Amino acid sequence: MGEQTAFLYYDPLQTAKDGAKQAVEQALAAAVAAEELPDAVSPAFIVEVPADATHGDLASNAALVSAKAFGMPPRKIAEALVAHFPCAGNFARVEIAGPGFLNIFLSEDWYAGAVQAACEAGEHYGRTKTGEGERVNVEFVSANPTGPMHLGNARGGALGDTLAEALSWAGYDVTREFYTNDAGNQINKFGKSLAARYLQQVKGEDAVPFPEDGYQGGDIKVRAAEFRAKNGAAPAALPGAELEQALVDYALPLNIAAMKADLEKYRIRYDVWFMESALHESGAVQRAVEELKQRGNAYEKEGAVWYKSPNPDEEKDEVLVRANGVPTYFAADIAYHADKFARGFTRLIDVWGADHHGHVARMKGALSAMGLPGEKLDIVLMQFVKLVREGEAVRMSKRTGEAVTLSDLLDEIPVDSARFFFNMREPGSQIELDLGLAVAEDSANPVYYVQYAHARICSILRTLEGEGVRLELADAYKQLALLQTPEERELIRLVAAFPTAVTSAAEGYDPARINQALMALASGFHRFYTACRIKGEAEGLQQARLALCMAAKTVIANGLAMLKVSAPEKM
RNA sequence: GUGCCCGUGGCGCAGCUGGAUAGCGCGAUAGACUCCGACUCUAUAGGUCGCAGGUUCGAAUCCUGUCGGGCAUACCA
């Protein structure tokens, strides 16, 4: 379709805002030229969508902010601006309101264009070229492979995956990455824990002490038992280190495979599974430490190598290599992020739990100390999840009595609900996940509310088609000016705002804005549906309204696709 | 102690770079299907935006202080 390319990447709201800004600037220049306004520098003004639709589609504070610079009352300035405002194309008219706001009303052409754009771009509506040319690496979850994934990983997964999706829609070249901590201290601990459980199973519970800082989880016992079933009691005779290694070699691939399977069920697929061990084996960690030493940002003390930040605000130094010669997580992480830059990414995004916030400035600083662009690393900090059932906090899994895991959660609530709920709030706010609500099949459950709107639209299209009424887009586009009721106008505005919501979610690292846009759109659709009939209306209006339905359906389907939540045609 | 995040009607939350009578959902109350899916919609009640100063034509939004909650402050990751 030739038309489609014209509307691909079209963002109606952003286009109108940019145009309005230019128009105000033109009006300003024209008014100065006509000597109606003084030739003074006016401060930056904004164009925004007013909260109240009676205040126009867009509003500008240009007259208000330049009152002082011009030495004139705001309303006087506004009058001059309105007189010179170029009302053409997307702009129907401008009014002065309140203390001196310019209220801009968009034209019927703009409204029609928004509906047409959604219908024409179809499954691509919402895509923009905002991030063109940038290669972004989004690293998220990166759970320790020493055990099952927990609730925080569940939120991080939904958040990171949707953020990656939003960035991709906004035109960024996105790579999803999982950093597997298959080396270092916690793997040693993993080996010791496995060995202790194995020996306990071979020699008896009391014969072998369990390490104080070992992993207590039942999954460790399970792996140890599997190993015993496979290899018998013979390995118990091995020297400690060898036994631990054998157990790690056995259990780690299984744990990683289990994580992949869980994530797959959660609809997450990574482009890259990066192994920490590769950094140690290739000598990258050591090279990073050497680099920091050479640049004077690392020194030796008491047998350990310490990082010293070039930034005087950071007073505390950090260990890079322990006195026992083993590098810390910090050292490996520096090497890891350096590796990402070396792979050609122009921006790095890490999704971390809020408990890591102390690490943020250090990490960025350390990259800069390596001569790398630390400011190109952005960390999205995510607050904790509180699980609630019938008003009571849930801490433990019913089945295992241990911390609730991702797979426990997915046993209890649908993936659709989990992915939607975890993206309902911005990453920085703590969320409460109500298990009862997440499975509820009514409007209290936002997932259902949005999905229902989609199913309802599909139903209308189906029903009318059954009666011989089909949406003929080419004809419908000619009738779009008939959409004049407040409900129709409001719904079109919501459709038009979708691409901006996507870019804003991407650039603000806040996928919740997609959910909010969807909930608003669903609500707008239901109001439209209550106020406006389609069946039985005159053909022109019927076609126009069907096109609007199609536009709304497109937005819901695309938004849910970004969240990887299903958009049912019937429910 | 220090650092970061948060504090908006009974509950859960929006409020994007400060803007025009502070919004939404749940819950409560009262309504709306002989009519395209009532898994919906409409109306009403409910808030001195933690508190106190300050900046501004204008502050939930910015600054300072203060109170309350969370998190962090390891040769853990």
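Specify the residue that is nearest to RNA strand B (Cβ to nearest atom); the eligible residues are those in region A:319-353 that are free of Cβ contacts under 8 Å to residues at least 40 places away in the same chain and in a helix (DSSP H, G or I). In this case the residue turns out to be A:330. Scanning region A:95-124 for residues being within 15 Å of RNA strand B (Cβ to nearest atom), within 13 Å of residue A:56 (Cβ to Cβ) and surrounded by fewer than 19 Cβ atoms within 10 Å (Cβ to Cβ) gives a total of 5. When each of A:88, A:92, A:29, A:34 is tested for being touching a strand residue (DSSP E or B) at 6+ places or on another chain (Cβ under 6 Å), of a type in the set (Gly, Ala, Ser), free of Cβ contacts under 8 Å to residues at least 60 places away in the same chain and surrounded by fewer than 18 Cβ atoms within 10 Å (Cβ to Cβ), the lone residue that passes is A:92. In this structure, residue A:57 does not satisfy being among the charged types (D, E, K, R) and at pLDDT below 90.
Checking each residue in region A:280-318 for being part of a helix (DSSP H, G or I) and in contact with an Asp or Glu (Cβ under 7 Å, 6 or more places away or on another chain) picks out only A:284.
Just the residues that are hydrophobic (A, V, I, L, M, F, W, C) and either closer than 23 Å to residue A:255 by Cα or assigned to a loop (DSSP other than H, G, I, E, B) (or both), please, taken from region A:399-444. A:403, A:404, A:406, A:409, A:410, A:413, A:415, A:418, A:422, A:424, A:440, A:444 - these are the residues of region A:399-444 that are hydrophobic (A, V, I, L, M, F, W, C) and either closer than 23 Å to residue A:255 by Cα or assigned to a loop (DSSP other than H, G, I, E, B) (or both).
Given the criteria away from RNA strand B (no atom under 12 Å from the Cβ), more than 37 Å from the chain's Cα centre (by Cα) and among the basic types (Lys, Arg), does residue A:68 qualify? No. If you check A:29, A:63 for being away from RNA strand B (no atom under 16 Å from the Cβ) and in a helix (DSSP H, G or I), only one passes: A:29. With respect to (1) in contact (Cβ under 8 Å) with a residue 24 or more places away in the chain; (2) of a type outside the set (Ser, Thr, Tyr); (3) more than 13 Å from RNA strand B (Cβ to nearest atom); (4) out of contact with any Ser or Thr (no Cβ under 6 Å at 6 or more places or on another chain), the lone exception for residue A:135 is condition (4). Screening A:183, A:170 for residues that are within 16 Å of RNA strand B (Cβ to nearest atom), closer than 30 Å to residue A:431 by Cα and not basic (Lys, Arg) leaves exactly one candidate, A:170.
Every test in (1) modelled with pLDDT of 90 or more; (2) part of a helix (DSSP H, G or I) is passed by residue A:361 save one, and that test is (1). Within region A:150-175, the residues that satisfy the criterion of being of a type in the set (Gly, Ala, Ser) and in contact (Cβ under 8 Å) with a residue 24 or more places away in the chain are A:152, A:154, A:156, A:157, A:158, A:160, A:164, A:166, A:170, A:171. For region A:282-318, filtering for residues that are touching a strand residue (DSSP E or B) at 6+ places or on another chain (Cβ under 9 Å) and away from RNA strand B (no atom under 15 Å from the Cβ) leaves 6.
The set of residues from region A:256-276 being part of a helix (DSSP H, G or I), out of contact with any Phe, Trp or Tyr (no Cβ under 9 Å at 6 or more places or on another chain) and surrounded by 16 or more Cβ atoms within 10 Å (Cβ to Cβ) comprises A:258, A:262. Looking across region A:528-554, the residues that are surrounded by fewer than 18 Cβ atoms within 10 Å (Cβ to Cβ), more than 8 Å from RNA strand B (Cβ to nearest atom) and in a helix (DSSP H, G or I) come down to A:539, A:540, A:541. Taken together, the criteria exclude residue A:525 from residues that are more than 9 Å from RNA strand B (Cβ to nearest atom) and either aromatic (Phe, Trp, Tyr) or at positive phi (or both).
Yes/no matrix, rows are residues, columns are (1) modelled with pLDDT of 95 or more; (2) in contact with an Asp or Glu (Cβ under 8 Å, 6 or more places away or on another chain); (3) among the charged types (D, E, K, R):
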| site | (1), (2), (3) |
| --- | --- |
| A:73 | no, no, no |
| A:86 | no, no, no |
| A:98 | no, no, no |
| A:118 | yes, no, no |
| A:145 | no, yes, no |
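Scanning region A:32-60 for residues that are in contact with a Lys or Arg (Cβ under 9 Å, 6 or more places away or on another chain) and outside any loop (DSSP other than H, G, I, E, B) yields A:47, A:48, A:53, A:58, A:60. The residues of region A:72-92 that are within 37 Å of the chain's Cα centre (by Cα) and closer than 22 Å to residue A:52 by Cα, listed by number, are A:90, A:91, A:92. Is it the case that some residue within region A:477-484 is part of a helix (DSSP H, G or I) and either closer than 22 Å to residue A:415 by Cβ or near RNA strand B (Cβ under 10 Å from one of its atoms) (or both)? Within region A:477-484 (the criterion being part of a helix (DSSP H, G or I) and either closer than 22 Å to residue A:415 by Cβ or near RNA strand B (Cβ under 10 Å from one of its atoms) (or both)), the answer is no, since none of the residues qualifies. The residue list A:455, A:474, A:501, A:506 contains one member that is near RNA strand B (Cβ under 9 Å from one of its atoms) and over 21 Å from residue A:58 (Cα atoms), which is A:455. Of all residues in region A:388-407, at least one satisfies being touching a strand residue (DSSP E or B) at 6+ places or on another chain (Cβ under 9 Å), modelled with pLDDT under 85, on the phi > 0 side of the Ramachandran plot and within 12 Å of RNA strand B (Cβ to nearest atom).
Considering the conditions (1) within 16 Å of RNA strand B (Cβ to nearest atom); (2) within 19 Å of residue A:156 (Cα to Cα), residue A:362 is excluded by exactly one of them, (2). Candidates are the residues of region A:1-26 that are away from RNA strand B (no atom under 16 Å from the Cβ) and part of a helix (DSSP H, G or I); the one that is surrounded by the most Cβ atoms within 10 Å (Cβ to Cβ) is A:7. Give region A:113-153 a look and list any residue that's more than 21 Å from residue A:171 (Cα to Cα) and among the hydroxyl-bearing types (Ser, Thr, Tyr), or say none. Across region A:113-153, the qualifying residues are A:142, A:146.
The values are calculated or read from the model by the stated rules, or taken from the named source; none is laboratory data. The structure displayed is predicted, hence computed values, not measured ones. Every residue, glycine as well, gets a Cβ built from its backbone with ideal geometry; the counts of neighbours run over all protein chains shown.
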